[in-house]
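Shown next, in structure tokens, is the structure this report addresses.
The values are calculated or read from the model by the stated rules, or taken from the named source; none is laboratory data. Model, not experiment: these values are computed from the prediction. Note that we place each Cβ from the backbone using ideal geometry, even for glycine, and neighbour counts take in every protein chain shown. All accessible areas refer to the heavy atoms of the entire protein, side chains included, with ligands and DNA or RNA removed. Shrake-Rupley method; radii C 1.70, N 1.55, O 1.52, S 1.80 Å.
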Amino acid sequence: MVEFLVKRPIAVFMTFLAFVLLGITSLNLMPVSLMPEIEVPYLKVQLDEPNYTAKELEKLVIQPIRRQLLQVGNLKDIQSTTQNGNAVIDLYFEYGTDVAYAFIEVNEKIDRILSVLPKEINRPKLIKSNPSDIPLCYVHIPYPKNSSQIAFSNYIKNTVRKRLEQNESVAFVDMTGSISPEISIALNTNKLAQLNLSISDIENAIKSNNTQIGNFKIKNGHYIYDVLFEPSLQTVDDLNNLYLTTNDTRIQIKDIAEISLVRKAQKGVFLNQGEKAISLAIVSKADAKVATVKAEILSYLHQLQKDNATISFTIQQDQSDLLHIAINNLQNSLLIGALLAIFMVYLFIRNYKVAFIIALVIPFSLIISFLFLYLLGISINIVSLSGLIVGIGMMIDNSIIVIDNISQYRIKGDTIVEACAKGTYEILRPLLSSLLTTCAVFIPLIYLSGIAGILFFDQALAIIISLSISYIVSIILLPTLYVAFNIKIKEKSQKNWLTNSYTRSFNFLFKGKILLSIIGIAIVILGGFVVTKIDTEKLPEIRYNDFNFVINWNENIALAESERRTSILEKQLKNTLFSASVGEQDFLRSKRKIAKTGVKLYVQTTTPKEAEQYAQKLLLYTKQQFPNAVFSIQKSENLFEQLFSSTEADFYLKVPIKHAAQTQTIAKKIATQFPKSLVTVEKQKQVLQLEIDQRKLATYKIDNSALIQTLKSIFNANQISILKSTNEYLPIVLKKTNEDFSTIINKSFMTNKDNIRIPIANLINTKEASDFENIYADLDENYIPINITTNNHEAIINFINTNRQEEITFDGTYFEQKTFIKELLIIMLIVVLLLYFVLAAQFESLVQPLIILCEIPITVGGSIIVMYLFGISLNIMSMIGMIIMLGIVINDSILKIDTINKLRNEGNNTLLEAIHHAGNRRINAILMTSFTTILAMTPVLFTSGIGADLQKPLAFVVIIAMCIGTFVSLYIVPILYWLLTKQKTS
């Protein structure tokens, strides 16, 4: 077959050129994204009920809904957090769940439970988390000085925001930091008393004159007309001129109150570089090209600046930059790795024609690979590109071995066509076996649960496709090009210093074969010991040049005080870009909600190292200045973090709510016993409890609901009505007062049924109490979490189990990591068995595969030792690197054992001579294939960005394994072959 093809070079070359053309076309059509298209197996149920306390919401609403949702299929975990006025239920599903179907099922469960919930409860919102929901970027626009903030806010909301949303690629523009107007009514309490009017009288007058009658139809002769009623209150003047009657006297509201249009009280503010600002979150459509969208947004904003000199803007958390850097860095690593591999081939062969045709294998294999990746619906992302980087060195391994074998037949005197035919045919089986062993390691990975299996799918396909195509290119195109270029080989190139050095070193080690075997066994044992000491984590640490510093002051402080404290922290952030979300924000699609007395401080630096320094600085400063605060460092929002990170703590205890009083004691015991661990627990906050005296209500003839309504009005807990003007809806509220609680209560009165003014202070009792701000629950039990940052997980578990009296349970991502490590160990065992089956089928032997597989424990043990010394943790990527390594490192041993067997079958060599001759024949090919694989992956170690940080542990493990495995293939495997074969012969 090979001889037939090499005589038709034009036909072969044109065929491959056609596939290259299709590959280039596919490459231009392939979508570019940061990560593979993955459905996030997460849904959120959100409920806002301002008139309910946290305990009422939990008992009457959230608990029944939570029980109902437990029946949803593929539900992995359910967590709920309830606060005064709102609650969130987080639903986590198994990876691979059809989220669209789960969305429908959860909606059905919510519909069924609505009938048993209080009637005034609004239907909870169900929110599906999509990768496209992450804003493309945030545009921060500070309020200009010396101008109306309300007018500026309306301009941004009604003009700039709508203009951005008109872009075809923009799905939605979220917004926070805006300022809205409201109508404030400042009542004259003295006049109210003189006229015997109450606050309820004012409210009722406004409400009765601000009702919407709607419209109806009337018939007039043969015609039917729509009759529309205009509301009597449309402006502030209408409200001022409103009449009400008291003691047979008609007065206008302006006679007893001052009405004005003011700024609505904010529950939170947004700060950019310490100044109040509006933040616009630009959410692009799922199929939009992020680079194009960003360019169009920047073009509009720059034009806006030219038209309006008061507007300035800052762009932060730009996902397009993240994508650009990640993809470009990996593409550069791919290119540099390919050039280094080609250069290494030339150094060994010293023939530019041979180096050139081997170099052609890389672009041919890569470009044709894009054709099949496109057909399988795989995008260009950091995972698929990483797979190509892993495969780039192995792509030319087959070509090196084929060229080396052809050259040896040329030296023997065969013609160029005969040498190509014999050399290629002889190597077909071992190359196919090497390909199968490499691909075999990926098959068991389909059993990986969770994100690991999804993360590796694109990478595995990229490697398998590229290696399979490089195999075809090496056995078909390469011999054809060899003949077409008429490559000439000099006989003296067979004997060189490399083969002589290898012979001498092998003879030296062969004399100490027993000691060498003992060292190999010692490496395996030491590796088994070290693996129990090495750090484990789910994913390698991804280093960013930005972070979020999230704080809960854990005190009952006002928004102004929270803003003041934030400004103190911001003074520690010189030479950085920063913004702060203080208190509640208006973003509709925010996954992480900020506490009412909390702050999220976003900090962007120049380098990841600077970001780490500023993060530590903030942690230490906040701990010293605000000891009651609970704070943490969180990674900034991006697609990778949304898919693969978890908001769940690494390790925490769940103390049942009935033992809430013991949480502080338990936390102190753990902190005392493990001083290097950081233990945090949410403190109870002070609350003021009001108790209505029902006996006095009956005595003074006052209705309970009327008293509650009056109390709400006094403390502005509800708005009176809404003024529906032409352009907007304006809330009507009573003017807020800065007086303290006692003063307001003592000055307030209400009129009973006999028109007697009764002091409200006589009707209620007050007392101070403490309560938790958040009510947490999983499944059907409320708990208080104690978060622990530690490296002594098992010691803490043993300590709690030994000393506890409460029903404490443990949770966190730490336990997922343990499960994941166990899964990978089982998969490694399956991989080894599959490799044995493939090798036994090739060699028709049950013993020789064991010789080759002996390389695995030595290489794995040595790799773990080196990982421990260099501080590399066991994580998804490093473990996957080990699994890939299982299929790579034995390729050299397969080639060498196959050559030894062929030399022995010829009958002209003794056992030791066959081992020596096989070593000399394959030393060049083994070293070249090892070095090209190592050099192809080396650039990843020196590249930054999400893609590189993710792949560094994998690249490190493969490089170390190749170094160790090459030594084992060259020296230990031949010695084991000699020992076992000699014993069998004897």
Task: In segment 933-986, the residues that are basic (Lys, Arg) and over 27 Å from Asn905 (Cα atoms) - done: Lys952
Task: Of residues in segment 616-635 being in contact with a strand residue (DSSP E or B) (Cβ under 9 Å, 6 or more places away or on another chain) and aromatic (Phe, Trp, Tyr), the one farthest from Thr566 (Cα to Cα) - done: Phe631
Open item on the list: Where the second residue is open to solvent by 10 Å² or more (accessible area, probe 1.4 Å) and among the charged types (D, E, K, R) and the first is more than 14 Å from Phe19 (Cα to Cα) and assigned by the TED database to the domain that holds Phe372 and lies in segment 464-484, which pairs have Cβ atoms under 6 Å and are six or more apart or on separate chains?
Closed with: none
Open item on the list: For a quick check of your reading of the model, give me the residue pairs whose first member lies in segment 171-196 and is closer than 25 Å to Leu588 by Cβ, whose second is assigned to a helix (DSSP H, G or I) and at pLDDT below 80, with beta-carbon atoms closer than 9 Å and at least 6 apart or on different chains.
Closed with: Ala171/Ser132; Ala171/Asp133; Phe172/Asp133
Task: Pick from segment 250-274, criterion open to solvent by 60 Å² or more (accessible area, probe 1.4 Å) and not charged (D, E, K, R), ranking: modelled with the highest pLDDT - done: Gln273
Open item on the list: Out of everything in segment 461-481 that is closer than 24 Å to Ser379 by Cβ and surrounded by fewer than 22 Cβ atoms within 10 Å (Cβ to Cβ), what residue ends up being modelled with the highest pLDDT?
Closed with: Ser468
Open item on the list: Looking at segment 382-410, I want the residues that are open to solvent by less than 10 Å² (accessible area, probe 1.4 Å) and have a partner that is among the basic types (Lys, Arg) and assigned to a helix (DSSP H, G or I) with Cβ atoms under 9 Å, at least 6 apart or on another chain. Which pairs are those?
Closed with: Asn405/Lys422; Asn405/Arg921; Ile406/Lys422
Open item on the list: Any residue at all in segment 175-184 that's over 30 Å from Pro135 (Cβ atoms) and among the acidic types (Asp, Glu)?
Closed with: no
Open item on the list: Among the residues that make up segment 60-70, is at least one of them β-branched (Val, Ile, Thr), closer than 25 Å to Phe772 by Cβ, in contact with a helix residue (DSSP H, G or I) (Cβ under 9 Å, 6 or more places away or on another chain) and not in a helix (DSSP H, G or I)?
Closed with: no
TODO: Could you please let me know if Ile786 is open to solvent by less than 20 Å² (accessible area, probe 1.4 Å), under 30 Å from Leu57 (Cα atoms) and outside any loop (DSSP other than H, G, I, E, B)?
DONE: yes
Open item on the list: Between Ile775, Ile786, which is in contact with a strand residue (DSSP E or B) (Cβ under 7 Å, 6 or more places away or on another chain) and closer than 30 Å to Lys676 by Cβ?
Closed with: Ile786
Task: Filter result for Asn920 (in the same structural domain as Ile464 (by the TED database), open to solvent by 10 Å² or more (accessible area, probe 1.4 Å) and part of a helix (DSSP H, G or I)) - done: yes
Task: Residue among Glu794, Glu807 that alone is of a type in the set (Asp, Glu), outside any helix (DSSP H, G or I) and closer than 30 Å to Ile666 by Cα - done: Glu807
Open item on the list: I want to confirm something. Restricting to segment 371-428 and keeping residues that are of a type in the set (Ser, Thr, Tyr) and closer than 25 Å to Ala460 by Cα, which single residue is farthest from the chain's Cα centre (by Cα)?
Closed with: Ser399
- [ ] Go through (1) over 20 Å from Ile464 (Cβ atoms); (2) open to solvent by 20 Å² or more (accessible area, probe 1.4 Å); (3) in contact with a Leu (Cβ under 7 Å, 6 or more places away or on another chain) and name the single condition Ser320 misses.
- [x] (2)
TODO: Working only within segment 537-562, note down all residues that are surrounded by fewer than 16 Cβ atoms within 10 Å (Cβ to Cβ) and either under 21 Å from the mean Cα position of the chain (by Cα) or not in a loop (DSSP other than H, G, I, E, B) (or both).
DONE: Glu541, Ala560, Glu561
Task: Matching entry among Leu323, Leu360, Leu304, Leu347 (being free of Cβ contacts under 8 Å to residues at least 60 places away in the same chain, assigned to a helix (DSSP H, G or I) and among the hydrophobic types (A, V, I, L, M, F, W, C)) - done: Leu347
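Residue-by-condition table, conditions (1) modelled with pLDDT of 85 or more; (2) surrounded by fewer than 19 Cβ atoms within 10 Å (Cβ to Cβ); (3) touching an Asp or Glu at 6+ places or on another chain (Cβ under 6 Å):
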{"site": "Asp892", "(1), (2), (3)": "no, no, no"}
{"site": "Gly907", "(1), (2), (3)": "no, yes, no"}
{"site": "Ala925", "(1), (2), (3)": "no, no, yes"}
{"site": "Thr932", "(1), (2), (3)": "no, no, no"}
{"site": "Leu950", "(1), (2), (3)": "no, no, no"}
{"site": "Ile964", "(1), (2), (3)": "yes, no, no"}
{"site": "Val968", "(1), (2), (3)": "yes, no, yes"}
TODO: Check whether at least one residue in segment 42-62 is within 31 Å of the chain's Cα centre (by Cα), open to solvent by 80 Å² or more (accessible area, probe 1.4 Å), under 30 Å from Thr292 (Cα atoms) and at pLDDT below 90, and report yes or no.
DONE: no
- [ ] Answer yes or no: is there a residue in segment 573-589 that is modelled with pLDDT of 90 or more, assigned to a helix (DSSP H, G or I) and among the polar types (S, T, N, Q).
- [x] no
- [ ] Go over the candidates Pro974, Pro939 one by one and state the one that is crowded, with 24+ Cβ neighbours inside 10 Å and assigned to a helix (DSSP H, G or I).
- [x] Pro974
- [ ] Considering only residues that are farther than 26 Å from Ala54 by Cα and of a type in the set (A, V, I, L, M), look in segment 648-689 and name the one that is surrounded by the fewest Cβ atoms within 10 Å (Cβ to Cβ).
- [x] Leu678
